[in-house]
Amino acid sequence: MRSAASGGAPPTAPVVRTLAPSPVSILTAPRPQRPGHDWPGHSLAIDEPLRLDCGVELGPFTVAYQTYGTLNRERSNAILVCHALTGDQYCADPHPITGHPGWWTTLIGPGGVLDTERYFLICANVIGGCMGTTGPRDTNPATGDAWALDFPVITIRDMVRAQKLVVDHLGIEQLFCVIGGSMGAMQALQWASSYPDSVFAAVPIAGAARHSAQNIAFHEVGRQAIMADPDWCGGRYLSLGRNPSRGLAVARMAAHITYLSEAALHRKFGRNLQDRNAVTYGFDADFQVESYLRHQGSTFVDRFDANSYLYITRAMDYFDLAAEHGGSLPAAFAGNQPRFCIVSFTSDWLFPTAESRALVHGLNAVAANVSFVEIETDKGHDAFLLHEPELFDTLRGFLTGCAEHRGLTRFWP
Amino acid sequence: MSRSAALPLASVPAAPPTAASDSELRRDLRLIAEMIEPSARVLDIGCGDGALLAYLARTKGVDARGIELSQSGVNAGVRHGLSVIQGDADRDLAAFPDDAFDVVVLSQTLQATRHPRQVLEELLRIGRRAIVSFPNFGFWHIRLSLLLRGRMPVTELLDHPWYETPNIHLCTIRDFVALCDEIGAAIERSLTLDRHGRPFFLDPRGSLANLLAEQGVFVLSGKRGKPRS
């Protein structure tokens, strides 16, 4: 494995591989040395091919990641933050393309729920992504052209395998916690199932042990929208200098509706008109909700790759922990289980509470140490990204309890 | 609280009362806590805000888990670092494997379940021992209230009027003992509490206990040839 970090500062985090005795401070993020991509942060180049669930060996490949806070001497205070479908490793600093604050700044920071003064946070772009980790937009060494649809289909387990390499690289034997919402929750569950000894606590928020038929259906709508865009060109749009941005925008618009709730949409927009006093008897965005969705779609295409969207939605569709274990969810959690905190939201109809409860029952069957909280909110699935004080209190309480059990009394070396 | 030497309960000396902990804990919960060995695996069903769990974890290093119906109770427990899941005794015990816990606690909850008999059987399946406390409907005050006033009794323990009480399966101590016999549950210990929550020792099978006790606390074990502790 080769680690790359550029930008003036000496390479810091990745050299932990040598198990240096001193703590690693990574508050100033260096820049990677990937030709064509100049995203800030760390990247780990891995020469050894990764055996994927689809049977293909992918490699060499790169994983881009961000870190926050300081790893303690015992390397026992690391939290892996797993991003959702359209998220990336910039969970707590400005997005390099949009300039928007990190997607989980509600939780992460000094004194925050994910307290960067106590914990060392790692967030890696998933494999198949488009923010520095190898994905369909990158160059296929066999052809010298973008991978496009020649990129192998990846799964949540493949994403987790790649993350495990980063965690190993940082010299961390056991993560204090793996946390994530939505697809991030799937990764947290996969970690607990695949590497139970490497995780002390797992926090799947607004997740499920498998992707439901309804969710697969919504993803298919998004994929078909992308593929129906003439600029998609069978996936080879990059080589042809085109971009299926209309299709990707429609996919985003449809998906965005599923992240909200009817109550939240009504509260935010109702039937309010956009910059006009009456409907125009046309197909312009008369309603505020239309204008909002169009905005969501058009800003999304600036920062996301259409083929990545196909691959990552597919990975979620294929996720079914029980199926990996002969149809038995408890069998997925055999062995030494981490402590779980499962959180759902009352108005989340994409990953409803029933999914989390099924997960709880599966964990009860192996007498795992599990907490389960359903939080009352009208914000829908997206609640995990928003200001939700009850979520913050729950996570803070759970993590503090876990830190006591883990003996994390000393956070600084 | 006077602890009678005749009480066959306290297998372990209670932890020294710390700060607010002892006074905060309901008296019947304190008695239950005294029956639980240090480091035991405990499931508290209907754990409310988790007061017993917090006390057990703090003073006895117990691996404490809870199930609570009310979401506010669950959230309060998890906020305080306890392992609590939202669920109910009628529906959510089936998921647990046999003998998952050393002790399963069901305090002041049995009378509010839909199927008390199945719940009791589940307790004995998933726990090596079960500690069950419940209000005694044979308590003299309740009998007198019904006899003299002809109205459904409302007491400190049973403080809802009949039309909104969650307590749909009330029983007397004798009823409970009969059910234990019927399902083959062994009564390892029992404790009767007077109306001030003070324990006194009387044979739970006798008429006097059934008349004088406002609540009963029973330690049960299963019939499946499990080693008795």
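For the stretch A:368-399, the tally of residues that are without any contact (Cβ under 8 Å) to a residue 60 or more places away in the chain, facing another protein chain (nearest Cβ under 9 Å) and part of a helix (DSSP H, G or I) stands at 4. Of the candidates A:347, A:356, the single residue that is small (Gly, Ala, Ser) and either at the interface with another protein chain (Cβ under 9 Å from one of its Cβ atoms) or under 19 Å from the mean Cα position of the chain (by Cα) (or both) is A:356.
Scanning the stretch A:248-258 for residues that are in contact with a Lys or Arg (Cβ under 9 Å, 6 or more places away or on another chain) and either of a type outside the set (A, V, I, L, M) or more than 15 Å from residue A:227 (Cα to Cα) (or both) turns up just one, A:253. Among the criteria (1) modelled with pLDDT of 95 or more; (2) touching a Ser or Thr at 6+ places or on another chain (Cβ under 8 Å), the one residue A:313 does not fulfil is (2). Against the test of being assigned to a helix (DSSP H, G or I) and of a type outside the set (Ser, Thr, Tyr), the options B:160, B:169, B:141 yield a single qualifying residue, B:141. Quick check: is even one residue across the stretch B:163-174 of a type in the set (Lys, Arg), out of contact with any strand residue (DSSP E or B) (no Cβ under 7 Å at 6 or more places or on another chain) and away from every other protein chain (no Cβ under 14 Å)? Yes: the stretch B:163-174 contains one or more residues that are of a type in the set (Lys, Arg), out of contact with any strand residue (DSSP E or B) (no Cβ under 7 Å at 6 or more places or on another chain) and away from every other protein chain (no Cβ under 14 Å).
Within the stretch A:156-173, at least one residue is over 18 Å from residue A:81 (Cβ atoms) and either within 14 Å of the chain's Cα centre (by Cα) or surrounded by 24 or more Cβ atoms within 10 Å (Cβ to Cβ) (or both). You will find that of B:117, B:41, the residue that is closer than 17 Å to residue B:219 by Cα, more than 14 Å from chain A (Cβ to nearest Cβ) and either free of Cβ contacts under 8 Å to residues at least 24 places away in the same chain or surrounded by fewer than 19 Cβ atoms within 10 Å (Cβ to Cβ) (or both) is B:117 and no other. Among the criteria (1) among the β-branched types (Val, Ile, Thr); (2) more than 9 Å from chain B (Cβ to nearest Cβ); (3) over 20 Å from the mean Cα position of the chain (by Cα), the one residue A:313 does not fulfil is (3). Residues in the stretch A:246-271 that are over 30 Å from residue A:344 (Cα atoms) and surrounded by fewer than 21 Cβ atoms within 10 Å (Cβ to Cβ): A:246 alone. Of all residue pairs spaced 6 or more apart or on separate chains, those with beta-carbon atoms under 8 Å, a first member in the stretch B:69-84 that is on the phi < 0 side of the Ramachandran plot and a second member that is of a type in the set (S, T, N, Q) and not in a strand (DSSP E or B) are B:75/A:394; B:78/A:394; B:79/A:394; B:83/A:369. Applying the criterion of being of a type outside the set (Gly, Ala, Ser) and more than 27 Å from residue A:259 (Cβ to Cβ) to the residues of the stretch A:318-363, the residue that is surrounded by the fewest Cβ atoms within 10 Å (Cβ to Cβ) is A:336.
The values are calculated or read from the model by the stated rules, or taken from the named source; none is laboratory data. Predicted model only: the values in this text are computed from it and were never measured. Quick reminder, even Gly has a Cβ in these numbers, built from the backbone with ideal geometry, and neighbours come from all protein chains shown.
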